[in-house]
Amino acid sequence: MVICHCNLIREKDIRAAAAKGCPDAETAYRSLGCQFQCGGCEDHADALVACERAKLLPPSDVAAA
């Protein structure tokens, strides 16, 4: 799915950048050689990065809480 029409960035590109260590959408876009243009995709891109980064965190021990 295309997330950013200005730069033609796909969801898989943002997720891959996040998996490689980009902490936010702005950094992910820069790693792809782009930057935000109109900004309409920024919230969605940030959510994708957060989702992908959450997958990298070790599971917390819920029983200990």
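The values are calculated or read from the model by the stated rules, or taken from the named source; none is laboratory data. Every value quoted in this text rests on a predicted model; they were computed, and no experiment measured them. Neighbour counts are summed over all protein chains in view; Cβ atoms, including those assigned to glycine, are modelled from backbone coordinates with ideal geometry. Note: areas computed on protein heavy atoms with side chains; ligands, DNA, RNA excluded. Shrake-Rupley method; radii C 1.70, N 1.55, O 1.52, S 1.80 Å.
Once the Cα gyration tensor of the chain is found, what semi-axes does its equivalent ellipsoid get, as square roots of 5 times the eigenvalues, in whole Å, sorted largest first?
Rounded to whole Å, the semi-axes are 26, 11, 9.
Count charges around Cys51 for me, please; just the other residues with Cβ under 14 Å from its Cβ, Lys/Arg as +1, Asp/Glu as -1.
Around Cys51, the charge tally is -1.
Percent relative contact order of the chain, based on C-alpha pairs within less than 8 angstrom and at least six residues apart?
Across the chain, relative contact order equals 34 percent.
Every cysteine in the chain with no other Cys Cβ under 4.7 Å from its Cβ, please list them in numeric order.
If one checks each Cβ against the other cysteines of the chain, Cys6, Cys22, Cys34, Cys38, Cys51 turn up with nothing under 4.7 Å.
Suppose all protein chains stay in the model; what accessible area per residue would a 1.4 Å probe give for the chain, in Å²?
Here the residues of the chain average 67 Å² of exposed surface.
Roughly to the nearest percent, how much of the accessible area of the chain is carbon and sulfur, given a 1.4 Å probe?
Carbon and sulfur atoms account for 54 percent of the accessible area of the chain.
Enter the angle in degrees (range 0 to 90, nearest 10) between the Cα long axis of helix 42-56 and the first principal axis of the Cα atoms of the chain, meaning the one along which they spread out most.
30
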